[in-house]
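Notes for the one structure printed next.
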Amino acid sequence: MSSPKLTDGLGRAISYMRLSVTDRCNLSCTYCAGGPREFIPHPDILRYEECTSLISLARSLGVSKVRLTGGEPFVRKGFTDFVVRTLTDFPGLDLRITTNATLLTPNIDTLARAGLGRVNISLDTLDRAKYQRITGCDLYAEVRRAIDACLAAGIKVKVNCVAMRGVNQEELPGFVNLARQLPIDLRFIEFMPVGGANGWDQTTVWSAEEIIAEAGKLVGLIPVGRENQLGKTGEAEANRGPARMFEIEGGLGRLGVISPLSCHFCATCNRLRLTSDGRLRTCLFSDKTYNLRPLLRHPKLGPDAVRRVIEAAIRTKPEGYKLLRERMKNRIQGGSVCATRMHSIGG
Ligand code: SAM
């Protein structure tokens with residue numbers, strides 16, 4: 001694919017799309033769902049063919065990375081088949097899945113055979129009882145099984161852990177150990193004030209700097225240069241991202257931090273997000289969305305109309321840290337930077 005064609009008003013080239021296939025999830029994580037949820041009615045969820053049209057359009061606009069997310073993508077019927085079809089239809093596309101991995105294991109062989117190279121797995125604790133407290137489900141063992149099965153099948157694994165002071169901070173040695181023993185990228189993501197009542201306040205922030213400083217007391221950490229964020233085996237350049245990664249001395253895996261709060265990466269943000277009901281979101285922290293679904297479903301309109309809306313929306317893509325600072329300062333929505341909950345956005 002040639003160089004990106006989608007550029008926003010600040011000159012940022014857009015090459016990465018997060019596409020949510022459902023807002024439903026079998027877990028109900030405190031920091032994400034934060035209580036009872038209302039789900040989007042089925043008729044409003046994009047059909048798989050519509051998702052395929054959007055991927056095709058995004059490809060033509062220079063998008064090279066697509067992440068399928070949710071809710072939990074594997075709760076949607078037919079999801080594995082959709083991934084297989086997408087891998088076949090779009091050779092060369094850097095396609096990955098973001099999942100809680102509780103429903104992943106039975107699908108791993110099919111996905112590996114179809115050529116899926118990577119998954120991002122969410123895991124916020126290494127303690128079974130705590131896992132149940134955070135997620136509402138006793139499925140910790142299932143997630144660990146899925147991680148091992150992915151590695152055995154040759155699928156690379158990134159483990160994402162939401163860093164929450166007072167929740168999982170004391171588990172740092174265990175997480176560091178996991179990344180030493182397994183060939184995974186383990187990334188701590190700063191807990192974000194997204195979606196209202198998710199338990200976030202200043203006291204729950206465990207910053208990226210603190211994590212790296214504390215981890216550095218446990219093991220030798222060797223920074224992976226931004227210019228060389230290609231992984232041990234020199235995978236694609238597309239593997240770059242907002243994470244600051246570190247090799248672990250004598251370890252098999254790597255440790256990383258993603259710091260949307262303490263050290264934002266808006267200047268290099270290359271993302272657009274599509275929610276499962278077809279709303280384009282140009283910034284995680286902004287509730288402004290562009291509804292593409294009516295255009296996709298209109299008998300006379302089609303990809304051209306959708307393309308025009310995407311291009312216009314991208315031109316005004318905001319810098320999220322400004323929204324974050326302003327809202328935090330004014331305590332709008334009880335300190336939460338946007339009202340939409342993460343399970344509806346897709347992370
Ligand atoms: N169900 C899938 C999963 O668990 O990965 C995909 C959806 S989930 C909303 C996507 C990502 O968002 C996960 O890595 C999750 O940990 C992260 N996330 C959700 N709420 C968050 C918050 N308040 N702060 C930081 N990350 C959050």
Amide H contacts of Leu182 (H built 1.01 Å from N, under 5 Å, at least 5 apart or other chain): Leu252, Gly253
Assigned charges on the beta-carbon of Lys, Arg, Asp, Glu; the chain dipole about Cα centre (debye): 880 debye
Acute angle (nearest 10 degrees) that the helix 303-315 long axis makes with the longest principal axis of the chain, alpha-carbon atoms: 50 degrees
Angle between the chain longest axis and helix 320-330 axis [Cα atoms, degrees, rounded to 10]: 70 degrees
Share antiparallel - DSSP beta bridges, the range 6-345, percent rounded to 5: 30 percent
Environment charge at Glu190 (Cβ cut-off 13 Å; Lys +1, Arg +1, Asp -1, Glu -1): 0
Entries of Lys65/Lys322; Lys65/Lys158; Lys77/Lys156; Lys65/Lys156; Lys77/Lys300 with Cα pairs more than 18 Å apart: Lys65/Lys322; Lys77/Lys156; Lys77/Lys300
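Expressed in nm to one decimal, what extension gain is obtained for the pair Gln169 and Leu252 from 0.36 nm per residue of sequence separation less their Cα-Cα distance?
27.6 nm
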5 angstrom amide H check on Gly346, placed H, neighbours 5+ away: Gly71
Three-way shape call for the range 120-180 based on the alpha-carbon gyration tensor, with the a/c threshold at 1.5: oblate
Radius 14 Å from Cβ of Arg293, net charge of other residues (Lys, Arg +1; Asp, Glu -1): -1
Acute angle (nearest 10 degrees) that the helix 79-89 long axis makes with the longest principal axis of the chain, alpha-carbon atoms: 70 degrees
Mean separation of Cα contacts under 8 Å, 6 or more apart, over the residue count of the range 6-345: relative contact order %: 22 percent
Dimensionless Rg over Rh [the range 107-225; C-alpha; Kirkwood]: 0.98
Unpaired by the 4.7 Å Cβ criterion, cysteines found in the chain: Cys25, Cys51, Cys137, Cys150, Cys161, Cys263, Cys266, Cys269, Cys283, Cys338
Linear extension gain, Asp127 paired with Glu214, 0.36 nm per residue minus alpha-carbon span: 29.3 nm
The chain: most fluctuating residue of Gln169, Gln181, Gln202 per GNM, C-alpha cutoff 10 Å: Gln202
Cα centroid separation - the range 116-142 against the range 25-93, whole Å: 20 Å
Note, ³J(HN,Hα) from phi for the range 120-136, Karplus 6.51, -1.76, 1.60, rounded to Hz, x at Gly and Pro: 9, 10, 8, 8, 10, 7, 10, 10, 4, 5, 5, 4, 5, 5, 6, 9, x
In Hz, Karplus ³J(HN,Hα) per residue of the range 245-255 (6.51, -1.76, 1.60; θ = phi - 60°; x = Gly, Pro): 10, 9, 6, 9, 4, x, x, 8, x, 10, 10
Cβ-derived FRET efficiency at R0 35 Å, Arg37 paired with Val309, nearest 0.05: 0.80
Top positive-direction residue, dipole computed over the range 6-345 with Cβ charges, set Val119, Leu57, Thr99: Leu57
Backbone HN-Hα couplings from phi across the range 160-175 [Karplus 6.51/-1.76/1.60, Hz, Gly and Pro as x]: 9, 10, 6, 7, 10, 4, x, 10, 10, 4, 6, 8, 3, x, x, 5
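Considering all projection directions equally, how large on average is the shadow of the alpha-carbon convex hull of the range 279-324, in square nanometres?
The orientation-averaged projected area of the Cα hull of the range 279-324 comes to 3.0 nm².
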MRE, 222 nm, helices only [DSSP H, n ≥ 4, -39500 (n - 2.57), over the chain, to nearest 500]: -9000 deg cm²/dmol
Amide H contacts of Met164 (H built 1.01 Å from N, under 5 Å, at least 5 apart or other chain): Gln169
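In the calculated pair distance distribution of the chain, what percentage of Cα-Cα distances lie above 34 Å? Present the calculation step by step, with values, prior to reporting the outcome.
Details: 11927 of 60031 pairs.
Of the Cα pairs, 20 percent sit more than 34 Å apart.
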Local net charge near Arg281, Cβ-Cβ under 12 Å (Lys/Arg +1, Asp/Glu -1): +4
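Since every read-out is calculated from the coordinates, none of them should be taken as a lab result. Remember, it's a predicted structure, so these values are computed and weren't measured experimentally. Using ideal geometry, Cβ is built from the backbone for each residue, glycine included, and neighbour counts are taken over all protein chains shown.
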